[in-house]
Amino acid sequence: MGEVKKPQSLGVWPTVKPFVNGGASGMLATCVIQPVDMIKVRIQLGQGSAAEVTKTMIKNEGFGALYKFSINFVGKRLKVATLNALKGGVGLSAGLLRQATYTTARLGTFKILTNKAIEANDGKPLPLYQKALCGLTAGAIGASVGSPADLALIRMQADATLPAAQRRNYSNAFNALFRIVSDEGVLALWKGAGPTVVRAMALNMGMLASYDQSVEFCKDTLGFGEMSTVLGASSVSGFFAAACSLPFDYVKTQIQKMQPDAQGKYPYTGSMDCALKTLKSGGPFKFYTGFPVYCVRIAPHVMMTWIFLNQIQKMEKSVGL
């Protein structure tokens, strides 16, 4: 009687698989969220409700308007400069490049770290604190790898706010990276990486640890099916990603926007000084100013990333990868 042969090992595929899956899920999530961000920006500019904005954009500018930042950055000058000045939208090329580096590294690293930890734990589920440590580490590695793309994205966002003579006029994310290296040197790609890494560590601790913990709770305790588990766990993950990262984002924003007084003195000497003064003046809830808006910006992408990752893993399993 013939034995059923198991699929042969695919070389390096088992090692790179978590990274490929992570990057692909993040990039697909960005493609879905980009039109939502574009519509959100126009709503913020007072152009009407979501339905009105969407209908007007597609009618007057075509479906490509939903990805207008990508089209305009690659081709011609942005027609509505104020749109690009808002954080809600940026070129699709920069967003995809960021996911291809940052999300590839963080999700791939997290999967490998948790697998190693489970092996060391004799196959038993990890306690929450170990998942949180894996999330912190994965976030730091992901942010370090993705910092150049993040720098390109931020500069492209800020370009339209500068005087015409000071604008860099990057045509796309790759052009931005090339010119940064040419003009400022390779190390310039990691300018401001410190605050970015700290924020990413907090965000990924909340996102990654809460997702794994929620999957176990939904399946084992509540008895949810696969799709209900993914939807429930991804919702929880999106909320905790925003909740864990907002205090760091708040401090970073205060530092970035501070201006000197009449004597030339800045209100804060650094991030720690800002955090302590904020805590003293407004209490811990001051760090969560604007949480609903921040959550709406962060959570959908987190949710879509997990949903796409689940579908990619199911597809790979069906074809024996």
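The values are calculated or read from the model by the stated rules, or taken from the named source; none is laboratory data. A quick note: this is a predicted structure, and the numbers were derived from the prediction, not measured. Backbone-built Cβ (ideal geometry, glycine too); neighbour counts: all protein chains shown. Heads up: the accessible areas ignore ligands, DNA and RNA and are worked out on the full protein's heavy atoms, side chains in. Shrake-Rupley method; radii C 1.70, N 1.55, O 1.52, S 1.80 Å.
Below are the figures for this structure:
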item: Efficiency of FRET from Cβ geometry, A50 and I112, R₀ 45 Å, rounded to 0.05; result: 0.70
item: Sequence-separation-based contact order of the range 189-302, relative, with Cα cut under 8 Å and 6+ spacing, percent; result: 30
item: Ranked order, E52, E61, E119 - accessible area, probe 1.4 Å, largest first; result: E119, E52, E61
item: Nitroxide proxy distance, nm - points 7 Å out along Cα→Cβ at L133 and Q166; result: 4.6
item: Under 12 Å, Cβ to Cβ, from P247 - net charge with Lys/Arg +1 and Asp/Glu -1; result: +2
item: Tail beyond 12 Å, pair distance distribution of the range 179-229 (Cα, percent); result: 72
item: Nearest-0.05 FRET efficiency for D122 and L187, computed from C-beta distance (R0 35 Å); result: 0.20
item: Order of exposure, largest accessible area first, which applies to C218, C31 with probe 1.4 Å; result: C31, C218
